[in-house]
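In what follows, a structure is listed as structure tokens, so that the remarks can point back to it.
The values are calculated or read from the model by the stated rules, or taken from the named source; none is laboratory data. As the structure is a prediction and not an experimental result, all values here were calculated from the model. Don't worry about glycine lacking a Cβ; one is built from the backbone with ideal geometry, like all the others, and counts go over all protein chains shown. Side chains included, ligands, DNA and RNA excluded: accessible areas come from the protein's heavy atoms. Shrake-Rupley method; radii C 1.70, N 1.55, O 1.52, S 1.80 Å.
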Amino acid sequence: MANKRTFGEWMRQNVVTVIFIILCAACFILSGETPAYVAMELVDRMARNAFIVLSLIIPIVAGMGINFAITIGAMAAQIALLWVLEWQIPGIGGFVVAALMTIPIATLFGFLIGKLLNKMKGQEMIGGMILGYFANGLYQLLFLFIFGNLIPLHTDGLVIQGSTGVANTMDLSKPNGIRKALDLLVRLDFVPALYLFAGIIAVAMLILYLRKSIPLRRLVVVVAVLAACVIAVQFPAVSEIFFLVKVPVVTFLVVGLLCLFNIMIMKTRLGQQFRAVGQNRVVANAAGINVDRTRVIAIIFSTVLAGLGHLIFAQNIGSLQTYGAHEQVGLYAGAAILVGGASIVKASNGQALLGCLLFHLLFIVVSGAGRTVFGDAAIGEYFRVFISYGVIAVALVMHAWSAVSKRKDPEAQMRAASEKA
């Protein structure tokens, strides 16, 4: 009976992930896409989007839910990109300058967001979403009227022809742009890249275990998975799937560093404060923790990381829709992390990466599936937008259901308390 209840709890906690795995498998079969093409696209999308999904973890741990205000972090990155293009700083130098500019701008925005969200405790997600819409209006004013009018721009292609304001598209592929600035630093075929990252991850996990940051069980599981992956690519049938894949090593190293940062910060005093505030603000305040300050810091971290993640996204794409590229950042990143099994109160690196993989795998194959089933690839595009909102809705419903169930079940309350302890 206990096993059935445990399995039921697991299914309730991971229902979104299970549904997505089934959807991805069905759409892949219906799409007719080759595994080699899907693998190539998936690696590219993971490099492009993983960092920004990982930026959501700290606010979730701090009890603030999905930080939809990361849209504002993306705006900070686009302000920095505009000036890098205006100053015509190309390549990795331009990317670094944009990153250095993004950090203080996003820090200021994050501070203001955190202050506002502290006035609406318990409603942070809807508050963050509305803040994103409000900030978008100010962003439009800045880019349509102030830049190119009050603040002149002199670089060709940055201003709307025959009018004022920034052009609809920021083209990063020009000689003075930063297209693939990070991705092209080091690129390897999939198999040698797998060997490299497997070795790095194994060493990192061993160090974390020796520092008592992770349990032995997790070390064994990770090493076993890495060994299985290395063994699998020895078979020609498996290695042929990845023969088109070129791995941007530096980009994935940056993603790995963020994963390590998320692990290590939770072991610090500040990380413990994030957890304490996320579990119970009243108890945390009684323990002497400045709850409001801790929440502001969590939002600042998230906003800055989202801005840096948007830069990684931009250099990978090679162009940006000036007035639209930032609008769906919060929605897609929030949906992705929920797909991986995270909730609005609990998230991990593994859930963020799994969710990013499944979410974008569906993006790759759903158009082909729509074309096969309905004769129109656009149906697949509509479906994935529906899925994005649907995943968030299901996650919120499941969270509410879980909260009600725990209030009715004293044993569930005791298990939740022991997990938090």
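Shown is the FRET efficiency for residue 246 and residue 382, computed with R0 = 30 Å from the Cβ-Cβ distance and rounded to the nearest 0.05: 0.45. If you wrap region 165-236 in the convex hull of its Cα atoms and look at it from every side, the mean projected area works out to 9.0 nm². Within the accessible surface of region 181-327, defined with a 1.4 Å probe on protein heavy atoms only, the carbon and sulfur portion equals 69 percent. Taking every lysine pair in the chain that is 8 or more places apart or spans two chains, those with Cα atoms closer than 29 Å amount to 29. Here's the picture: charge each Lys and Arg Cβ at +1 and each Asp and Glu Cβ at -1 in region 134-251, and of 230, 216, 193 the one pushed furthest to the positive end of that dipole is 216. A value for percent of Cα pairs over 42 Å apart was derived from the coordinates, and within the list [x] 14; [y] 40; [z] 9 it appears as [x]. Under the convention that each Lys and Arg Cβ holds +1 and each Asp and Glu Cβ holds -1, the size of the dipole of the chain around its Cα centre is about 1720 debye. Between 335, 287, 181, the Gaussian network model of the chain with springs among Cα atoms under 10 angstrom shows the greatest mean-square fluctuation at 287. Listed by number, the DSSP H helices of the chain that run 30 Å or longer by alpha-carbon position along their axis and have mean Kyte hydropathy of at least -0.5 are 2-31, 91-117, 291-317, 349-374, 377-408.
Per residue, the accessible area of region 2-127 comes to 41 Å² when a 1.4 Å probe rolls over the protein heavy atoms.
Indicate the gyration tensor shape class of region 199-293 (rounded, prolate or oblate), computed on the Cα atoms with a ≥ b ≥ c the square roots of the eigenvalues: a/c under 1.5 is rounded; otherwise a/b larger than b/c is prolate and the rest oblate. Verdict is prolate for region 199-293. Based on C-alpha pairs under 8 angstrom that are at least 6 apart in sequence, region 195-273 has a relative contact order of 23 percent. With the simple spin-label model, which puts each label point 7 Å out from Cα in the Cβ direction, the residue 145 to residue 280 separation comes to 5.0 nm. Rolling a 1.4 Å probe across the protein heavy atoms gives region 249-295 an accessible surface of 52 Å² per residue.
For residue 207 and residue 228, a Förster radius of 25 Å and the Cβ-Cβ distance give a FRET efficiency of 0.70, rounded to the nearest 0.05. Net length available on complete extension from residue 25 to residue 87 is 17.7 nm, with 0.36 nm assigned per residue and the Cα-Cα distance removed.
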